[in-house]
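Quick notes on the structure that follows.
The values are calculated or read from the model by the stated rules, or taken from the named source; none is laboratory data. Everything numeric here is computed off the predicted structure, so don't read it as measured data. Counting neighbours? That spans all protein chains shown, and the Cβs are built from the backbone with ideal geometry, glycine included. Surface accessibility is based on the protein's heavy atoms, side chains included, excluding ligands, DNA and RNA. Shrake-Rupley method; radii C 1.70, N 1.55, O 1.52, S 1.80 Å.
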Amino acid sequence: LGTPRNWGLESPGIPRPPAAPQVLEAFERAEREPKPPPRLLFSDVYLEMPPRLRRQRAELERHLETYGEHYPLQQFQK
């Protein structure tokens, strides 16, 4: 998301919301936490995963096995 400037919080003529520092601090704390494992993208919606999602999950796993060094996977939980 970038800096607060990108969010319009420091634009001339636009008052800064009083909670902006707390919101930015909360974002920064959350960004330091490990992200959920990518496999959870596929498991939180359906009681039983449809075949198309099983295929997409397998494709993602193969892709990450092949090209994982190009992604910040260390930021994700195992």
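Key figures
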{"read-out": "Members of region 4-42 found to be at pLDDT 80 or above, open to solvent by less than 70 Å² (accessible area, probe 1.4 Å) and in contact with an Asp or Glu (Cβ under 9 Å, 6 or more places away or on another chain), listed by number", "value": "PRO38"}
{"read-out": "Pair list, Cβ < 8 Å and 6+ apart or interchain, from region 19-38 residues that are closer than 14 Å to LYS78 by Cβ to residues that are in a loop (DSSP other than H, G, I, E, B) and of a type outside the set (Asp, Glu)", "value": "PRO34/GLN77; LYS35/GLN77; PRO36/GLN77; PRO37/GLN77; PRO37/LYS78"}
{"read-out": "Looking only at region 60-78, and only at residues there that are polar (S, T, N, Q) and part of a helix (DSSP H, G or I), the one that is surrounded by the fewest Cβ atoms within 10 Å (Cβ to Cβ)", "value": "GLN74"}
{"read-out": "Members of region 43-58 found to be open to solvent by less than 100 Å² (accessible area, probe 1.4 Å) and at pLDDT below 85, listed by number", "value": "SER43"}
